[in-house]
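Colleague: Could you have a look at this structure, given as structure tokens, before my questions?
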Amino acid sequence: MAKKNIDWENLSFGYIKTDKRYVSNYSEGKWDDGAIIEDDMITMSECACVLQYAQTIFEGLKAYTTSDGKIVLFRPDLNAERLAASARRMEMPVFPEDKFIDAVVQTVKANADYVPPYGTGATLYVRPYMFGINPVIGVKPADDFQFRVFTTPVGPYFKGGAKPITIKISDFDRAAPHGTGNIKAGLNYAMSLHAIVTAHDEGFAENMYLDAQTRTKVEETGGANFLFVTKDNKIVTPKSNSILPSITRRSLMYVAKEYLGLEVEEREVYKDELKDFAECGLCGTAAVISPVGKIYDHGDEICFPSGMEEMGPTTKKLYETLTGIQMGSIEAPEGWIKVVE
Ligand code: PLP
Ligand code: COI
């Protein structure tokens, strides 16, 4: 098989239809065997629970080509575990975690020609998702569900790749205390659409959401957690029950401590401390680590000493170590890399 004729170096974070996808259906209390199919279209009732009451959850992970030409996944077991947590919170059946990994592996293998070559800066984004598919009109969970996995080759989430971005502190809330901010439910992203369009219209790349209860603490952005570097080179990340437990952030905290020997702290981060940090980054599967140069707060600007030209030195070390692990040039901790082929 030959790689597809795609301009890998210039890909943005967009959807490109690939050849194959995985589908499995749940009805009468059990999942079927699942299969790889070609049809990218989904037919469902006009009254499907997902369409009326947004009963849908998803995951995001990437397949990488390593320096020695293998295709690998980064910690897919944690995506399986998080999808299961999302399913429980959304009254959906759990898709068994071993079947999840098998489905992702099968889908990536079936689309191997779309996995960007090593060194292009692009990756194959993998999107597992599940939704309630039977008609539901009184407010209650569906009985029948569909689990799917599709893939799409992607470049950097933010235009300009590693160039620092400017974000704003949003006046909108993303997640309520005791709400669904800590799971990956489509509804959290629906909540953020007006806020992100508003931020983009005002010239900002993203929003910083504060905690909805006191609006004094840093939560996350629409699609990534925050990492801060203090002036004495400690790594700090916000602790909150209403943010997504990012796999990238958890991995970076480990890398910071075990590979770079840095002190790490997961704690409440107050908006008032932002001005004291040396570096700021957004971390996630799509964002990898995207440096933030400036935060706009209602007329005030918080400018990080790392500036608007390039990543700060510690963010850069974290970025290089993490991507080195993902692409096989740095030895990974036990169990972090799953070889597809
Ligand atoms: N926070 C939100 C709201 C996200 O959508 C994502 C993306 O998945 C993340 C954080 C980062 O999580 P991960 O590193 O597991 O991709
Ligand atoms: C991811 O990083 O996988 C996400 O789901 C974030 C989304 C904004 C693309």
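Colleague: Return the total of residues in region 113-130 being more than 14 Å from Lys62 (Cβ to Cβ) and open to solvent by less than 10 Å² (accessible area, probe 1.4 Å).
Modeller: Looking only at that region, the number is 1.
Colleague: Which of the residues belonging to region 308-319 are in contact (Cβ under 8 Å) with a residue 60 or more places away in the chain and surrounded by fewer than 14 Cβ atoms within 10 Å (Cβ to Cβ)?
Modeller: Glu309
Colleague: Right, Ile302: open to solvent by 10 Å² or more (accessible area, probe 1.4 Å), touching a helix residue (DSSP H, G or I) at 6+ places or on another chain (Cβ under 6 Å) and in a strand (DSSP E or B) or not?
Modeller: When the stated conditions are applied, Ile302 passes them.
Colleague: I'm trying to understand the selection: among the residues of region 200-213, which are touching an Asp or Glu at 6+ places or on another chain (Cβ under 8 Å) and surrounded by fewer than 23 Cβ atoms within 10 Å (Cβ to Cβ)?
Modeller: Leu210, Ala212
Colleague: Just wondering, is there one or more residues in region 57-73 that are open to solvent by 40 Å² or more (accessible area, probe 1.4 Å), away from ligand 1 (no atom under 16 Å from the Cβ) and under 16 Å from Val149 (Cα atoms)?
Modeller: Taking every residue of region 57-73 in turn, none turns out to be open to solvent by 40 Å² or more (accessible area, probe 1.4 Å), away from ligand 1 (no atom under 16 Å from the Cβ) and under 16 Å from Val149 (Cα atoms).
Colleague: Are there any strands (runs of 3 or more DSSP E) wholly within region 101-178 with 3 or more residues that are more than 20 Å from the chain's Cα centre (by Cα) and more than 16 Å from ligand 1 (Cβ to nearest atom), and if so which?
Modeller: In region 101-178, there are no strands (runs of 3 or more DSSP E) which contain 3 or more residues that are more than 20 Å from the chain's Cα centre (by Cα) and more than 16 Å from ligand 1 (Cβ to nearest atom).
Colleague: Further question: Of all residues in region 2-48, count the ones that are modelled with pLDDT of 95 or more, surrounded by fewer than 10 Cβ atoms within 10 Å (Cβ to Cβ), not β-branched (Val, Ile, Thr) and not in a strand (DSSP E or B).
Modeller: Adding up the residues that qualify gives 9.
Colleague: Taking the condition of being more than 23 Å from Gly29 (Cβ to Cβ), open to solvent by 10 Å² or more (accessible area, probe 1.4 Å) and within 16 Å of ligand 2 (Cβ to nearest atom), how many residues in region 83-106 meet it?
Modeller: Residues flagged as more than 23 Å from Gly29 (Cβ to Cβ), open to solvent by 10 Å² or more (accessible area, probe 1.4 Å) and within 16 Å of ligand 2 (Cβ to nearest atom) within region 83-106 amount to 0.
Colleague: Of the conditions (1) surrounded by fewer than 18 Cβ atoms within 10 Å (Cβ to Cβ); (2) assigned to a helix (DSSP H, G or I), Ser329 fails just one. Which one is it?
Modeller: So Ser329 meets the others, but not (2).
Colleague: Test of understanding: among Leu322, Leu282, which residue is modelled with pLDDT of 95 or more, closer than 26 Å to Thr107 by Cα, open to solvent by less than 10 Å² (accessible area, probe 1.4 Å) and among the aliphatic types (A, V, I, L, M)?
Modeller: Leu322
Colleague: Scanning region 233-253 for residues that are more than 7 Å from ligand 1 (Cβ to nearest atom) and hydroxyl-bearing (Ser, Thr, Tyr), which turns out nearest to Glu334 (Cα to Cα)?
Modeller: Once the filter is applied, the top-ranked residue is Ser251.
The values are calculated or read from the model by the stated rules, or taken from the named source; none is laboratory data. Note that the coordinates shown come from a computational prediction; the quantities given were computed from them, not determined experimentally. Quick reminder, even Gly has a Cβ in these numbers, built from the backbone with ideal geometry, and neighbours come from all protein chains shown. Please note that ligands, DNA and RNA were not included when accessible areas were found on the heavy atoms of the full protein model with its side chains. Shrake-Rupley method; radii C 1.70, N 1.55, O 1.52, S 1.80 Å.
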